[in-house]
Amino acid sequence: MDFNKLMARAKAILLSPKTEWPVIAGEPTTVADLYKGYVIPLAAIPAIFGFLQMSVIGVSTFFGGTVRMGIGYGLTQAVLTFVMGLVLVYLVGLIVDALAPSFGGQKNNIQALKVVAYSTTAGSVASIAGIVPGLGILIGIAGGIYSIYLLYLGLPELMKCSREKAAGYTAVVVIITIVVAAIAGAVIGSVVGVGSMMSASTHSSSKGDDDVKFDENSALGKMQKWGEDMEAANKKLEEAQKSGDQGAQEEALKAVFGAALAGGGEQVESLAPDRLKAFVPEALAGLNRSSLSAERSGAMGFQVSTASATYSNDSGREVRLEITDAGNAKGLLGLASWAGVEGEKEENGRHEKTFREDGRLMHQEWDSGASRGQYTVVVGDRFTVKVDGAAGSLGELRDAAEELNLDGLADLRTEGVKN
């Protein structure tokens, strides 16, 4: 990575975007080069400064004082923020490319990826201000707005749409991006509440060998494998682009997308809603089911299926069940497992704990004052089962989750998976 070149490009796109976009449009590049030279270092900025804000500097509260999250929690969130940054650039690039004809533009996956990668510069750089009390939020909002403006200026140059249609094109991309980001965030948020990266790792290397190999079962070993999968997928994409075969390029893009989601290049179709509904019982925790819903949603191949139900009685007690199939994002759940996300926190009658048991990642929360809690378990590194609501103890919520056919759900972890 040429740091001076990166800084020059960031400065130019921020200060003189109208003259810089035509330059960017004419530059030949590959997905791999774009990621190595710009996307990866840019995605690291919000991850690093987010960690500094949450776990080192602390966050000021409305009631006064400063709250600092645990180092383990901060590191876990930093890793997930970084990975999601890489993934979202790919996803939004696919969206921009797919929508081009609808706004009089020309499909070109590399140009679409470039316009997304460079337009996010303002938001990423603005995240540095998060460590400044008071001003951080305002500067962050300004950075996000300026990134939207950069996208608006870049679409006509790179996707060849008319200036008149650029505003509508931008608006649709932003709306879909918000939806996709919310879905992806929900997948992570449903699992990670507290945690620390505590897994040990080992490595070995022979004399004269500069390639360090980590234990494949360790967190660093899994991350190393993820990097190798990304590199292999990028090479296939470059070969497909050289061949000119549109079908091969689309398949290669899917492989890159799968690798970016830490799924080993796999494509996963989430379960149909009826398949998940079969795991929702008519009664739970001694309560009768009062509502039931199931849906499969997503954008540009990014699917998530969810089945949810509410259980209640005449006295007003209510418990909610939610079963989620992460689909293509199952690799993110695997990432949480690789990182050894475990930790515990207790404050003002609230207790949170993330741990592994019987090979499954679990997260639980309990508010003793309100007698309410939440219990979540990850099944097959693909499904999350969450039970929350009022109860006599946290154990009641856990027992309710274990009433479900979790083993049967785990048996479906390879269904819909395509290599």
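The values are calculated or read from the model by the stated rules, or taken from the named source; none is laboratory data. Quick caveat, the model's predicted, so the values are computed rather than measured. Using ideal geometry, Cβ is built from the backbone for each residue, glycine included, and neighbour counts are taken over all protein chains shown. Calculation scope for accessible area: heavy atoms of the full protein, side chains included, ligands and nucleic acids excluded. Shrake-Rupley method; radii C 1.70, N 1.55, O 1.52, S 1.80 Å.
Looking at L88, L94, which is the one that is at pLDDT 80 or above, open to solvent by 10 Å² or more (accessible area, probe 1.4 Å), more than 14 Å from the chain's Cα centre (by Cα) and aliphatic (A, V, I, L, M)?
When all the criteria are applied, what remains is L94.
Restricted to the stretch 272-313, and to residues that are at pLDDT below 90 and outside any strand (DSSP E or B), which residue is nearest to T414 (Cα to Cα)?
Among those that are at pLDDT below 90 and outside any strand (DSSP E or B), it is G301.
How about the stretch 344-396: which of its residues are hydrophobic (A, V, I, L, M, F, W, C), in a strand (DSSP E or B) and farther than 22 Å from V268 by Cα?
Residues satisfying the conditions are F355, M362, W366, V387, A390.
Of all residues in the stretch 9-19, which are open to solvent by less than 60 Å² (accessible area, probe 1.4 Å) and either in contact (Cβ under 8 Å) with a residue 24 or more places away in the chain or out of contact with any helix residue (DSSP H, G or I) (no Cβ under 9 Å at 6 or more places or on another chain) (or both)?
R9, A10, I13, L14, S16, P17
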